[in-house]
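Accompanying notes for the structure given below.
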Amino acid sequence: MFLSTTKTGKDAKIDITGDTQNLFTGASSVLKTNITTTLTGEDAKIDFDGAKDITYSSNQFTINGINIDLKSADLGAEYTVKVDTDVNGVFDKIKGFVDKYNEVIDKLNKKTSEKTYRDYKPLSDEEKQAMDEDTIKLWEEKAKSGLLRNNEHVNRLLGNIRGGLYESVYSDYSDDGVNNDTKLSGFSFLAEIGITTGTYQEKGKLQIDEDKLKEAITNDVDGVMDLLFKTPDSTITDDTEKRAETGLINRVYDDIIDGMKSIIDKSGTGDNASLYRQVKSTILVDFVTKSGSISLLDKDVVNIEKQISRENSRLTSVENRYWRQFTAMEKAMSQMNSQSSWLMSQMGGM
């Protein structure tokens, strides 16, 4: 006898073949069964951060850095996955930036306040030949010391960076140009998340209130990220509006790029052209298009060389003039001596 039972629930099917009498009476006669189970899974559908019905055909997938492994689920059921903020991870990243920032600020401050040794002039080739390598090295360290003391370009860079960190992150602009004080994030100032500047003697170095920063990350990590990394809308063309809508760390980056361009305009690229391109691929474009790849120092050297050439020409002209005058004087003296001799001979004859 053949009994076929099919139950359909999301494509599950069971077929049973055998002796129905023995099957229902529980007799010990042989029962031949053939059970076939077919399960066809459905694609997983994910709603993530406003995006609806993101489909995955695999049990394992990654979305926005989150690894998900689906083990089992009731058919048709919905589940919510809650992802907590890695407070320590975000804190460590911000602290790492602050530490590197303080290192850069410390180096630049030391360069702009470095002592100048005016008695140590650059060595000529002849002077170097009379010295050993250690003496030359020590001498050149003294000669180079203070070259950036109170340098206007470095000081301007430091001032712009500090000013950018103190300014708030918000927009005073609406589409119609009316001031509406629209706030872009949960925080407007760096101090609100526990990062402040130290004393005057520290010259702009940052300090972190660990508890306050972690509290801000826990309560509003998106606000912290906006405060630090907000990027302005690409349609904004006004520089003031664009800066107002730029996160603080992005402002620091922009100010450093502007400072590097100013220094390149002054001193040229030196051996660091490839490094500048790694920092920003277009950093040398303005230098090439506006300055023709000639720095202000190069122009100063060219101008000095022109002045030297003009002075050499002037000295040659003066020298030739003196020689002409001297020759004329020698000729005049020779004529005078000749006339004097003639007069003496005439007077002797009388």
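The values are calculated or read from the model by the stated rules, or taken from the named source; none is laboratory data. A quick note: this is a predicted structure, and the numbers were derived from the prediction, not measured. We place every Cβ from the backbone using ideal geometry, glycine too, and count neighbours over all the protein chains shown. For the accessible areas, the whole protein counts, side chains as well, though only heavy atoms, and no ligand, DNA or RNA atoms are used. Shrake-Rupley method; radii C 1.70, N 1.55, O 1.52, S 1.80 Å.
One line per residue, one yes/no per condition, for (1) within 60 Å of the chain's Cα centre (by Cα); (2) of a type in the set (Asp, Glu); (3) modelled with pLDDT under 85; (4) open to solvent by 90 Å² or more (accessible area, probe 1.4 Å):
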position: Ser293; (1), (2), (3), (4): yes, no, yes, no
position: Asp298; (1), (2), (3), (4): yes, yes, yes, no
position: Gln307; (1), (2), (3), (4): yes, no, no, yes
position: Arg324; (1), (2), (3), (4): no, no, no, yes
position: Ala328; (1), (2), (3), (4): no, no, no, no
position: Lys331; (1), (2), (3), (4): no, no, no, yes
position: Met336; (1), (2), (3), (4): no, no, no, yes
position: Gly348; (1), (2), (3), (4): no, no, yes, no
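All conditions but one from (1) open to solvent by 70 Å² or more (accessible area, probe 1.4 Å); (2) assigned to a helix (DSSP H, G or I); (3) free of Cβ contacts under 8 Å to residues at least 24 places away in the same chain; (4) among the charged types (D, E, K, R) apply to Glu140; the one that does not is (1). Looking at Val154, Val104, just one residue is of a type in the set (Val, Ile, Thr), open to solvent by 60 Å² or more (accessible area, probe 1.4 Å), modelled with pLDDT of 90 or more and under 23 Å from Ile249 (Cβ atoms), and that residue is Val104. Please determine whether any residue of the range 224-233 is in contact with a strand residue (DSSP E or B) (Cβ under 9 Å, 6 or more places away or on another chain) and surrounded by 11 or more Cβ atoms within 10 Å (Cβ to Cβ). Checked the range 224-233: at least one residue is in contact with a strand residue (DSSP E or B) (Cβ under 9 Å, 6 or more places away or on another chain) and surrounded by 11 or more Cβ atoms within 10 Å (Cβ to Cβ). Taking the range 107-137 as the range and being exposed (fewer than 10 other Cβ atoms within 10 Å of the Cβ) and touching a residue at least 60 places away in the same chain (Cβ under 8 Å) as the test, no residue passes.
Note on the range 255-278: residues that are surrounded by 17 or more Cβ atoms within 10 Å (Cβ to Cβ), of a type outside the set (A, V, I, L, M) and under 17 Å from Tyr101 (Cα atoms) amount to 2. Taking first residues from the range 217-232 that are assigned to a helix (DSSP H, G or I) and partners that are open to solvent by 50 Å² or more (accessible area, probe 1.4 Å), the Cβ contacts under 6 Å between residues at least 6 apart in sequence or on separate chains come to Val221/Thr85.
Scanning the range 237-254 for residues that are open to solvent by 20 Å² or more (accessible area, probe 1.4 Å), assigned to a helix (DSSP H, G or I) and among the β-branched types (Val, Ile, Thr) yields Thr240, Ile249.
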